[in-house]
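The values are calculated or read from the model by the stated rules, or taken from the named source; none is laboratory data. Just so you know, these numbers come straight off a predicted model, no measurement behind them. FYI the Cβ positions are ideal-geometry reconstructions off the backbone, even for glycines, and counts take in every protein chain you see.
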Ligand code: ZN
């Protein structure tokens, strides 16, 4: 680990303590081996003028909900130092008293809640205090001889604190241990099974001491030949992906809401999952108790012979663990695992959004490494169940996850949309994503990956007429998000109008191929996964032409009519598995790629109308937008239509021929 300090940049901050604090906090936050997703906290002590112009000593300490990597000045809560020091000296202080008193002592009540470690920061008698949960340091201590290893690496240069619950209890313990001692004899402080502190009156020294101490731990791990991680590769069959979909469905059932399952099959994940003792070593506990709120204590170990049963057993064991540890006043959190080890295949992160699942994937990545290093040091040994339970059920930790609020209708659902790079397909992909779903879009357009590129929104290039590409798209959807709940079959072409007498056979064939025949391969690939989906649904985007065909549109109308008949059969065949199949018949949708100004102009002229008149050629006299169709598609796929299958819904502004 190297210092990222940039002297020139630091000079530009003119010795402003808070600006320097922001700067080195971000330097720490950029190093994932030091700080992962909200872990760690920092502070600076400064004298500032209050509202009345009187100088007051305050602790600017990281606010809850801020991440060190991206923190800004408003992310630090200014708390009166005198109050924090008084709190440290109390015999007892409950969590709610601590939160209340800290908030009451803030110079700015709009600032975020101070870190749960604010009191500890206050009693360390240096201006800059840096705290991380550095992998290397915590790994050294998560071993049978942890304390001895720390002694061997650092000697008497650091203060060593046995594990106690963070928050007031930890601050109070350190306050007791350090009465009358000379802090300047220490370079830092190691909290066993938890993390490390460094401190100095200079921002640079505090930061670089952190880097130095962690580097010493890394060097020690290297000297013990512990930095060696298994690599592996694997192949995943359709049967394997079905196991994944079943696991995800059961995890969602335990959670009581749809969860995504993000499979990690990078070489390090596969190598870890292929270790002969992976089931034993992966289930001994987390790196640092801070991770428990996101990962729970242990992962589920996937049994591919019994995907449902292994998750159910995890839930049972979680309930037992809760009963063993609750004092009777707590409410059990959901018993769903947040990660899984799939022997031979890789690791899996479970959460409600792609963003949250990615955070868990990052934590798993570090956990896999720490476990393997710990094994080389005599055996990975995490904290005991009791301590971890206290962390998991500590309300101040749960507060870090934020208030849940009401989830969007499609939160945690997985959607595949064909023809997704433009028009109605793009609107569907983006709308489902905006409503919380993880979405994969397939399209011929080579720019699709760029057009659909957000966390939880992925574009793939391929033709629906290529059955291999279609199978790959379904498999990729399951690999990325763990299953498939909603299929929107939208890809299609609108061939040029030709009467039957003049109809070009190639156009006839092409329209049938794309608009109709391709559907069979798509359904064949998707149905096994939809059957394992959560409230699964298929929506076919057909056309007003099915109900009210026009002359010269045989190639299009016949194909879409066949598609509609296919949907009706699918509704009959799949109802028994809970998969609903419905059809939308759009018309008068002009905000799509095919309706250029020139085409609109030509069409309008053909009917002797202005473009505006042409666009509102329906009973309601209004064009239909792609977004409106997307919302209709989503409504059909959602709870409002949960008791409807085999239906056809026009969205055309009203057509007297359809009515
Ligand atoms: Zn900590």
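Taking the criterion of being part of a helix (DSSP H, G or I) and within 14 Å of the ligand (Cβ to nearest atom), the residues of region 84-142 that qualify are 118, 119, 120, 121, 135, 137, 138, 141. Confirm whether residue 492 is touching a helix residue (DSSP H, G or I) at 6+ places or on another chain (Cβ under 6 Å), part of a loop (DSSP other than H, G, I, E, B) and within 20 Å of residue 426 (Cα to Cα). Answer is yes for this residue. Run down 351, 303 and say which single residue is within 21 Å of residue 257 (Cβ to Cβ) and in contact with a helix residue (DSSP H, G or I) (Cβ under 8 Å, 6 or more places away or on another chain). The unique qualifying residue is 351.
Okay, residues lined up against (1) over 35 Å from the mean Cα position of the chain (by Cα); (2) within 16 Å of the ligand (Cβ to nearest atom); (3) surrounded by fewer than 21 Cβ atoms within 10 Å (Cβ to Cβ):
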site	(1), (2), (3)
155	yes, no, yes
159	yes, yes, yes
162	no, yes, yes
169	no, yes, yes
175	yes, no, yes
201	yes, no, yes
214	no, yes, no
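The numbered conditions (1) touching a residue at least 12 places away in the same chain (Cβ under 8 Å); (2) more than 16 Å from the ligand (Cβ to nearest atom); (3) assigned to a helix (DSSP H, G or I) are all true for residue 151 except (1). Looking at this structure, is residue 589 at pLDDT 90 or above, over 33 Å from the mean Cα position of the chain (by Cα) and surrounded by fewer than 17 Cβ atoms within 10 Å (Cβ to Cβ)? Considered against the rule, which asks whether it is at pLDDT 90 or above, over 33 Å from the mean Cα position of the chain (by Cα) and surrounded by fewer than 17 Cβ atoms within 10 Å (Cβ to Cβ), residue 589 comes out as no. For region 254-285, taking the residues that are without any contact (Cβ under 8 Å) to a residue 60 or more places away in the chain and assigned to a helix (DSSP H, G or I), the one that is nearest to residue 368 (Cα to Cα) is identified as 271. Figure legend. Inter-residue proximity from region 295-306: first residues free of Cβ contacts under 8 Å to residues at least 40 places away in the same chain, second residues surrounded by fewer than 23 Cβ atoms within 10 Å (Cβ to Cβ) and not in a strand (DSSP E or B), beta-carbon distance below 6 Å, spacing 6+ or different chains. Indicated pairs: 298/283; 303/310.
I'd like the full set of residues that are more than 16 Å from the ligand (Cβ to nearest atom), touching a strand residue (DSSP E or B) at 6+ places or on another chain (Cβ under 9 Å) and either over 12 Å from residue 119 (Cα atoms) or in a strand (DSSP E or B) (or both), limited to region 60-81. Selection gives 60, 73, 74, 75, 76, 77, 78, 79, 80.
Residues that are out of contact with any helix residue (DSSP H, G or I) (no Cβ under 7 Å at 6 or more places or on another chain) and not in a helix (DSSP H, G or I) within region 173-193 comprise 178, 179, 180, 181, 182, 189, 191, listed in sequence order. Residues in region 286-298 that are in a loop (DSSP other than H, G, I, E, B) and closer than 14 Å to residue 366 by Cβ: 286, 287, 288.
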